[in-house]
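**Student:** Following this message is one structure expressed as structure tokens.
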Amino acid sequence: MTEPRDTFPRLLLHQAKVRPHRPAFREKDLGIWQTWTWAQVADEVRLLACGLAAQGFGRGDRLAIVGDNRPRLYWSMIAAQVLGGVPVPLYQDAVADEMAFVVQDAEIGFAVAEDQEQVDKLLEIQQRWPLLKRIYFDDPRGLRHYAQDGLMSIESLRAIGRDYAGRGPEFFLGEVEKARSSDIAVILYTSGTTGKPKGVSQTHAAMIHTARVLVAFDGIAEGDDLLCYLPMAWVGDFLYSYAQVHIAGFCLNCPESPGTVMNDLREIGPTYFFAPPRIYENILTQVMIRIEDAGWAKRRMFHYFMGVAKRVGMKILERKPGVPLTDRLRYRLGELLVYGPLKNVLGLSRIRVAYTGGEAIGPDLFDFYRSIGINLKQLYGMTETCVTVCMQPSGEVKLDTVGRPMPGVEVRIADSGEVLVRSPGLMKEYHGRPEATREALDAEGFFHTGDAGYFDPDGHLKIIDRAKDVGRLADGTLFAPKYLENKLKFFPYIKEAVCFGDGRDKVCALVNIDMAAIGSWAERRNLAYSGYADLALQPAVHDLIRECVEKVNRALAADSTLGNSQIRRLLVLHKELDADEGELTRTRKVRRRHIAEKYSPLVDALYSGKTSCYVETQVRFEDGRTGTVSADLKILEARTYDVAAARRAA
Amino acid sequence: MGAGRKIGGPILEVDDVSLAFGGVVALKSVSFDVRRREIRAIIGPNGAGKSSMLNVINGVYHPQRGSVTFKGARRHRVDPHEAAEQGIGRTFQNIALFRGMTVLDNIMTGRNLRMKCNFLQQALYWGAAQREELEHRAKVEAVIDFLEIQHIRKTPVGRLPYGLQKRVELARALAAEPELLLLDEPMAGMNLEEKQDMSRFILDVNDQFGTTIVLIEHDMSVVMDLSDRVVVLDYGRKIADGTPEEVRSNKDVIDAYLGVAH
């Protein structure tokens, strides 16, 4: 009974043996949650694997996975692993061109696609990359008349698999046995904040080791529930959904559609939740908008109890002493009247542990969730390290750090301030790029993260920015653009911000308004507007944004190292920054350099002392056509605060 | 698109129909046919009689002269509910949904025709009534899935933007599983993206369910892309009938749309 459980296919068979009747996957289909048990999943995977084998998929072949989180897409991943192949999940919202790069880079011959939209993209790629021989689709809608060679439904693939399995039942088990833990389990593409995306090859051993550490760290067990809604191409989804579910045997819930995630969240009530800061931010923005629109009684109640929560909520969560009885009672009452119902509406009532990572989270945002009793913690990591480098243990959560290194992970700070990591969870290599691999992994086996950070006195790691983005103003003040941008983005009215200042005499910023928040703000004030650009040009909106910036400046003035990097001049952009135009990465991080180039007239105007700037920008519509939008943007001056005075006051 | 679609014989024949309201002539001797599984467009300038034509087909108006033959049965007078029972569904130019009800409930009303249990059985929700409700719900969910409106299933219709309301209206019409679907300006007031979505849905409905579709539309590019054949009305008279290419090059049509110097 001690067969090694060191590859994902073996783990699957193990789960099917240990808990055959426990739910493994759920998906909401036609309004009803459908459940598959572990035994059923093992059976499905067997059919898919046999089908793929019959189609000529074998060891070393790569299977692209394109689509939203669907059980069959996850099963295709493991079916590929059974056959010794490598699944390569792709970002499903990438346009065909971006996808083509990855398909060629990973030399993909087989693909599983969710629906017609993805099939169309793959067929387009096939024109340039004929090696892509076979495409399987999950949802047949609209594909009835596609007669391309090598295109078939997963349903047909299963049928082929059934035939194939019938001929030799030992085939499947034999294939599972052949897999080695040192084999590559998956190739995950980095989002490409800088340059072209790189394929990160991770072995079974690395992923399984990391997932085991995680499962032990938070005591995850078969009774847990997770909603998988983040892109399958992202390492977090692979680790938290796919890897953990195979280790701990809990249930993975697939939302009905990307638009229903908030509903599904509420219906499933996950116990373990991971989301990048952006999602928490969106949830909070939604809550705030709805509260602003609520009746005065509810609004007053909300604000009163949120005040209580802000004062004592986090101490209560961390079981710290020193909370007066009256406040405890108030908090109880708040739980009954506000926090409880709020968590219920958001689908967060059953949450035991919630994580965020990928980007720094705004302190106020972080406090909000913790103060209403959600154990939100931060972690630090990247695709190359299987995410997990540092995590915050429960009870030792700090706002501005990402926690201690995880068991088995060594973290070292280079002289340049760069964070270096060595762990069993490190990637094997960048796919097909020995040069890049050598650059990232040094002779001692440390991975160079490219992030700048340091350890605080308690041994917690603090990340300030990307090492290459941290700069200095002309007067020598430290300039950490992301730090400033995050501060700005915490305001619900600001969707995106880009700060400039390295080597300059002052800090200036480009700001994107949040259409949902400002739209509703404008409606309440009876401000008429015709669309995004119009709204962004309104003087009232400018005043609002300027106030936000001045608040950030005041907070910065109290900081001794960053105090001089207050934002002096800014302008509100007339269009939203968009991933389709390369201004954001697919995970929606701003590409500062690209933006600086694209909007160079604006940046020059910010530094030249002009009061406004005329701009014409090319935009790409969703149907692929391009057009131009133009606007006369006003440059705003923000008040700054005296650093010394602020420190004296503090 | 349409590689595997087989267009059959006529499902609907409009023969010499004339309709007048007092002295105002809405339709004058209009004849055309609609074949099974085709997408047939009716176009024309404002006040040409397009909506009147649809209203004649599904029995809202009764023409003074002429007849309508649906599935081989020639009829002179038919009421809207009879038309619906025979398999004619429709959507309206100005949305006609129950604004206070959820999307799901609105679409469920599309199944009313096919509910066999009486009011009392439904109220008790027992036995046959329960089975029936579940069956209908499954059908409705299939439509919701088809039109990709899962995210608004429980949202009151009044809170939805216009484009989505139009889609819900289409969903309700589809829930009745019509053989002939009349769409009155399904894309009026939509932006480009919404129009593209709606066009795709119309093609998919036609393709997947084999539903015959008659639609009125102003956007000429949409009409040209979607329809197999086009009828052009002007001042209540038919001035052209044929494929989009034929109609586009027809001199009368160009005159009617662009105007002629008299």
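**Student:** Which is within 19 Å of A:Arg158 (Cβ to Cβ) and among the aliphatic types (A, V, I, L, M), of A:Leu30, A:Leu11, A:Leu63?
**Tutor:** A:Leu63
**Student:** Let me ask another. Got a sec? Which strands (runs of 3 or more DSSP E) wholly within the range A:4-89 have at least 2 residues that are buried (at least 22 other Cβ atoms within 10 Å of the Cβ)?
**Tutor:** Ranges flagged: A:23-29, A:62-66.
**Student:** Only one of A:Ala233, A:Ala216 is within 22 Å of A:Met382 (Cβ to Cβ) and part of a helix (DSSP H, G or I). Can you tell me which?
**Tutor:** A:Ala216
**Student:** Filter the range A:252-286 for residues that are among the polar types (S, T, N, Q) and not in a helix (DSSP H, G or I); which is farthest from the other protein chains (Cβ to nearest Cβ)? Reasoning before the result, please.
**Tutor:** Going through the range A:252-286, the residues among the polar types (S, T, N, Q) turn out to be A:253, A:257, A:260, A:263, A:271, A:282, A:285-286.
The next check asks that each one be not in a helix (DSSP H, G or I); those that pass are A:253, A:257, A:271.
Numbers: A:Asn253: 15, A:Ser257: 5, A:Thr271: 24 Å.
Looking at residues that are among the polar types (S, T, N, Q) and not in a helix (DSSP H, G or I), I get A:Thr271.
**Student:** Oh, and also: When you scan the range A:287-303, do you find a residue that is assigned to a helix (DSSP H, G or I), within 28 Å of the chain's Cα centre (by Cα) and free of Cβ contacts under 8 Å to residues at least 24 places away in the same chain, even just one?
**Tutor:** Scanning the range A:287-303 turns up at least one residue that is assigned to a helix (DSSP H, G or I), within 28 Å of the chain's Cα centre (by Cα) and free of Cβ contacts under 8 Å to residues at least 24 places away in the same chain.
**Student:** Given the criteria of a type outside the set (S, T, N, Q), in a helix (DSSP H, G or I) and not assigned by TED's automatic domain parsing to the domain that holds A:Met99, does A:Asp604 qualify? Before you say what the answer is, go through the steps one by one.
**Tutor:** Details: of a type outside the set (S, T, N, Q): yes; in a helix (DSSP H, G or I): yes; not assigned by TED's automatic domain parsing to the domain that holds A:Met99: yes.
Yes; evaluated as a whole, the condition is true for this residue.
**Student:** While we're here: In the list A:Gln34, A:Gln15, which residue meets the criterion of being within 14 Å of another protein chain (Cβ to nearest Cβ) and polar (S, T, N, Q)? If you could, list the steps in order and put the result at the bottom.
**Tutor:** Working: A:Gln15 fails: within 14 Å of another protein chain (Cβ to nearest Cβ).
Unique residue meeting the criteria: A:Gln34.
**Student:** Can you pull out the strands (runs of 3 or more DSSP E) entirely within the range A:133-195 that have at least 3 residues that are away from chain B (no Cβ under 14 Å) and within 23 Å of A:Gln104 (Cβ to Cβ)?
**Tutor:** So the answer is A:134-137, A:184-189.
**Student:** Being assigned to a helix (DSSP H, G or I), within 25 Å of A:Arg266 (Cα to Cα) and modelled with pLDDT under 90 narrows it down to one of A:Met306, A:Met314, so name that one.
**Tutor:** On the way: A:Met306 fails: modelled with pLDDT under 90.
The match here is A:Met314.
**Student:** Same structure again: Output the qualifying pairs, or none if there are none: Cβ atoms under 7 angstrom, residues six or more apart or on different chains, first residue in the range B:206-217 and within 11 Å of B:Leu183 (Cβ to Cβ), second residue part of a helix (DSSP H, G or I) and of a type in the set (Gly, Ala, Ser).
**Tutor:** B:Ile216/B:Ser51
**Student:** I need a count of the residues in the range A:513-522 that are in contact with a strand residue (DSSP E or B) (Cβ under 7 Å, 6 or more places away or on another chain) and buried (at least 23 other Cβ atoms within 10 Å of the Cβ). Spell out how you get there, then give the answer.
**Tutor:** Our first condition is that a residue be in contact with a strand residue (DSSP E or B) (Cβ under 7 Å, 6 or more places away or on another chain); within the range A:513-522, this holds for A:513-514.
If we keep only those that are buried (at least 23 other Cβ atoms within 10 Å of the Cβ) as well, we get A:513.
Here the count works out to 1.
**Student:** Under 7 Å between Cβ atoms, at least 6 apart or on separate chains: pull out the pairs that start in the range A:124-145 with a residue that is closer than 15 Å to A:Arg70 by Cβ and end on any residue that is at pLDDT 90 or above and hydroxyl-bearing (Ser, Thr, Tyr).
**Tutor:** Hits for this filter: A:Tyr136/A:Ser153; A:Phe137/A:Ser153; A:Pro140/A:Ser153.
**Student:** Which residue is farthest from the chain's Cα centre (by Cα), if the candidates are limited to the range A:92-118 and must be farther than 18 Å from A:Asp623 by Cβ and assigned to a helix (DSSP H, G or I)?
**Tutor:** In this case the residue turns out to be A:Gln104.
**Student:** Which of the helices (runs of 4 or more DSSP H) contained wholly in the range B:101-206 include at least 3 residues that are aliphatic (A, V, I, L, M), surrounded by 15 or more Cβ atoms within 10 Å (Cβ to Cβ) and away from chain A (no Cβ under 14 Å)?
**Tutor:** Values: elements: B:103-109, B:119-124, B:128-146, B:162-175.
Result: B:162-175.
**Student:** Continuing with this model, one more query. Tally up the residues in the range B:226-254 that are part of a strand (DSSP E or B) and either within 24 Å of B:Phe201 (Cβ to Cβ) or touching a His at 6+ places or on another chain (Cβ under 7 Å) (or both), please.
**Tutor:** 3
**Student:** Turning to a different aspect of this structure: State all residues of the range A:409-445 that are touching an Asp or Glu at 6+ places or on another chain (Cβ under 8 Å), more than 18 Å from A:Val213 (Cβ to Cβ) and either charged (D, E, K, R) or not in a strand (DSSP E or B) (or both); if no residue qualifies, say none.
**Tutor:** Within the range A:409-445, A:Glu418, A:His431, A:Gly432, A:Thr437, A:Ala440 meet the criteria.
**Student:** Determine whether the range A:421-431 contains at least one residue that is at pLDDT below 90 and either among the charged types (D, E, K, R) or surrounded by fewer than 15 Cβ atoms within 10 Å (Cβ to Cβ) (or both).
**Tutor:** No, that holds for no residue.
**Student:** Restricting attention to the range A:577-628, and to residues there that are in contact with an Asp or Glu (Cβ under 9 Å, 6 or more places away or on another chain) and within 14 Å of chain B (Cβ to nearest Cβ), which single residue is nearest to A:Asp469 (Cα to Cα)?
**Tutor:** Here the residue is A:Asp580.
**Student:** With the checklist (1) at pLDDT below 90; (2) surrounded by fewer than 19 Cβ atoms within 10 Å (Cβ to Cβ) in hand, flag the one item B:Val223 doesn't pass.
**Tutor:** Exception for B:Val223: condition (2).
**Student:** May I pose another question? How about the range A:556-588: which of its residues are in a loop (DSSP other than H, G, I, E, B) and more than 24 Å from A:Leu602 (Cα to Cα)?
**Tutor:** Scanning the range A:556-588 gives A:Ala558, A:Asp559, A:Ser560, A:Thr561, A:Leu562, A:Gly563, A:Arg586, A:Thr587.
**Student:** Identify, please: which residue in the range A:107-119 is among the charged types (D, E, K, R), surrounded by fewer than 20 Cβ atoms within 10 Å (Cβ to Cβ) and touching a residue at least 12 places away in the same chain (Cβ under 8 Å) and is, among those, farthest from the other protein chains (Cβ to nearest Cβ)?
**Tutor:** A:Glu107
**Student:** Could you look through the range A:334-361, keep only residues that are among the charged types (D, E, K, R) and more than 19 Å from the chain's Cα centre (by Cα), and pick out the one that is nearest to A:Tyr280 (Cα to Cα)? Spell out the reasoning first.
**Tutor:** Narrowing the range A:334-361 to residues among the charged types (D, E, K, R): A:335, A:343, A:350, A:352, A:359.
Still in the list and also more than 19 Å from the chain's Cα centre (by Cα): A:335, A:343, A:350, A:352.
Values: A:Glu335: 20, A:Lys343: 13, A:Arg350: 16, A:Arg352: 16 Å.
Ranking the qualifying residues of the range A:334-361, first place goes to A:Lys343.
**Student:** Evaluate the range A:617-627: report whether one residue or more is part of a loop (DSSP other than H, G, I, E, B) and surrounded by 14 or more Cβ atoms within 10 Å (Cβ to Cβ).
**Tutor:** Step one: list which residues in the range A:617-627 are part of a loop (DSSP other than H, G, I, E, B), which gives A:621-625.
From what's left, surrounded by 14 or more Cβ atoms within 10 Å (Cβ to Cβ): none.
Within the range A:617-627 (the criterion being part of a loop (DSSP other than H, G, I, E, B) and surrounded by 14 or more Cβ atoms within 10 Å (Cβ to Cβ)), the answer is no, since none of the residues qualifies.
**Student:** Hey, A:Val245 hits all of (1) part of a helix (DSSP H, G or I); (2) of a type in the set (A, V, I, L, M, F, W, C); (3) out of contact with any Cys (no Cβ under 8 Å at 6 or more places or on another chain) but one; which does it fall short on?
**Tutor:** All conditions pass for A:Val245, except number (3).
**Student:** Select from the range B:207-238 the residues that are among the β-branched types (Val, Ile, Thr) and in contact with a Gly (Cβ under 8 Å, 6 or more places away or on another chain) and write down the one among them that is nearest to the other protein chains (Cβ to nearest Cβ).
**Tutor:** The qualifying residue nearest to the other protein chains (Cβ to nearest Cβ) is B:Val230.
The values are calculated or read from the model by the stated rules, or taken from the named source; none is laboratory data. As the structure is a computational prediction, the values presented were derived from the model and not from experiment. Reconstructed Cβ throughout: ideal geometry from the backbone, glycine too, with neighbour counts over all protein chains shown.
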